[in-house]
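The structure appears below as structure tokens.
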Amino acid sequence: MGSYLNPGKKGFQESLNSDIYKLSLEKETLQKIMDNFSISTELSVVAVNMDGEAFLSSTQYEENEFCRYIQSSKEGRRRCEKCYKKACKEAFKWDEPYFFRCHAGLVMWASPLQIDQARVGAIVCGQVLLWKADHLFLNEIKNLHLYVGQPEQLLSRARELKVISVRQCQAAAELLKVVAEHFGDTGYYLLIDQKNKFNWRNMVLSQIRERKKAYEHTAFDRSVYLKRERNFLQYVRMEDRKKIVEMFPILYTDMEIISGYDRAEAKRIVRDFMVLVSRACAEAGLEAELAQQMLRQYEKETERLKNSEEIYAVSYGTICNYLDMIFQSGEDSHTGLIRSVTDYIRQNFGQEISLEDIAGHVSLSKSYLCALFKENMNMTVNDYLTRVRVEKSIELMKNRAWSVGEIGRKCGFASQSHYTKVFRKMIGMTPGQYRNKLLS
């Protein structure tokens, strides 16, 4: 979508569906253009972002066997992305199709993609030779150590590489330039989506890479991640946006380490995480049906994504949408009032507050407040107050200087027995068991 911020609650559904529909149409149209380009030229073509990662490609002519063999290894994929990244930079430098030999010796060319004067990436075409693979070429790629198995497996594929003339190469490049310009004119939603993801990477991924490097040769305790995940979901339920944003790079790095840097496994872990986030948002007041619809949209968006960092960017955007729906003031006349109630409870949970106190704070009758709160939050006022107290008590448990009884009193519970009873009912174990088992 065009932004990771959304309009008010009433307009969100219409806006979301409109943006999704427009983005879907653009992808369908541009996919058809790329497919027709491939059919007419018998060449593969792919759109990549400024990091060299593909986000749209032709379906008619996939990468040849030679390239697929190279990219079957992590190092091969890394080299290809690095090569595409450099091609993007050079294409913008010259503002026209940039011809180059890739790291494996194939001839390719790239045309720049931009929107609103911002660099988005490039459309890359080629993966061909201008001459038959001869003895010198085969020796050259053999010395590059591009293969993952026996050298002959790569060389046999190299002998099957497509050969075109210089004239065909130039004609295809000119046609590619037209395609790239059409992208810039009509692919607004698709390209702005890539721009937003790229901006997100600039802000957050440097932190992720730093942490990955720190843990590169260190065994990682999965329980550490599970504790952080629980804290994150707690922050979602408690509407603590600052801590939520701070934890994104930490959690995503944990996911990378746990997955063993395997893209498919990282994708599965993020998906499981998003299911938990969806539930936490529903518990925080977001309509359950809307939370599920947004989760389905996330799954649809990431269905064909293979790059883990791009998956993280999409999940980040989805969570931001979730939070905007929970926290926004929007057009709903009751939203500000409900927010005043939840703010009052979060500020005074440690004191003895009654329903009369809360209703008086917002100048409503108890009965009307209860009905309004239940309608908007899918829980009673007392249920919300209890949840806040329990969640806050979990935060205080990290301080071992306080006993369970002291923590209960600090969070507004009249007695330790009452605190234990409520905690067990909500969490499934006593405060002491939780502290010793999950916060050790």
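The values are calculated or read from the model by the stated rules, or taken from the named source; none is laboratory data. Computed from a prediction, not measured in an experiment: that's the story for all the values here. Methodologically, a virtual Cβ is constructed for each residue, glycine included, from the backbone with ideal geometry; neighbour enumeration extends over all protein chains shown. Only protein heavy atoms, including side chains, enter the accessible area calculation; ligands, DNA and RNA are left aside. Shrake-Rupley method; radii C 1.70, N 1.55, O 1.52, S 1.80 Å.
Longer than 28 Å from Cα to Cα, which of K85/K227; K82/K132; K162/K300; K392/K421; K162/K212; K306/K398 are they? Say none if no pair is.
With Cα atoms farther than 28 Å apart: K85/K227; K162/K300; K162/K212; K306/K398.
Near the amide H of L113, under 5 Å away, which other amide H atoms are found, from residues 5 or more places off or on another chain, if H is placed in the peptide plane?
V120, G121, A122, I123
Taking the dipole about the Cα centre of region 210-285, with the C-beta of Lys and Arg at +1 and of Asp and Glu at -1, give me whichever of V236, P249, S259 is farthest to the positive side.
With unit charges placed on the Cβ atoms, the residue in question is V236.
Tell me, what % of the accessible area of region 34-82 is carbon and sulfur with a 1.4 angstrom probe?
The value for region 34-82 is 47 percent carbon and sulfur by accessible area.
What nm value, rounded to one decimal, do you get for the distance between D95 and Q168 when each label is placed 7 Å out toward the C-beta?
Using points 7 Å along Cα→Cβ, the separation is 3.2 nm.
Size of the dipole of region 282-428 about the Cα centre, Lys and Arg at +1 and Asp and Glu at -1 on the beta carbon, nothing else charged, in debye to 20?
The calculation lands at about 800 debye.
Counting only protein heavy atoms and a 1.4 Å probe, tell me what percentage of region 227-289's accessible area is made up of carbon and sulfur.
49 percent
What is the Cα centroid distance between region 243-274 and region 211-240, reported in whole angstrom?
Result: 9 Å between the Cα centres.
Could you rank the peptides 341-348, 246-253 by their average count of other C-beta atoms within 10 Å per residue, with the highest value first?
246-253, 341-348
Determine ³J(HN,Hα), in whole Hz, for all residues of region 351-362 in sequence, where each value follows from phi through the Karplus function 6.51 cos²θ - 1.76 cosθ + 1.60 and θ = phi - 60°; x replaces Gly and Pro.
9, 7, 10, 10, 4, 4, 4, 5, 5, x, 4, 10
What whole-number distance in Å separates the alpha-carbon centres of region 78-157 and region 383-440?
After rounding, the separation between the Cα centres reads 59 Å.
Could you give me the ³J(HN,Hα) list for region 289-302, computed from phi with Karplus coefficients 6.51, -1.76, 1.60 and θ = phi - 60°, whole Hz, x at Gly and Pro?
5, 5, 4, 5, 5, 5, 5, 5, 5, 4, 5, 5, 5, 9
Could you give me the ³J(HN,Hα) list for region 159-170, computed from phi with Karplus coefficients 6.51, -1.76, 1.60 and θ = phi - 60°, whole Hz, x at Gly and Pro?
5, 9, 4, 5, 10, 10, 7, 4, 5, 4, 4, 5
Taking amide H positions as placed 1.01 Å from N in the peptide plane, with prolines and chain starts having none, which residues 5 or more places from V128, or on another chain, fall under 5 Å of its amide H?
The answer is V107.
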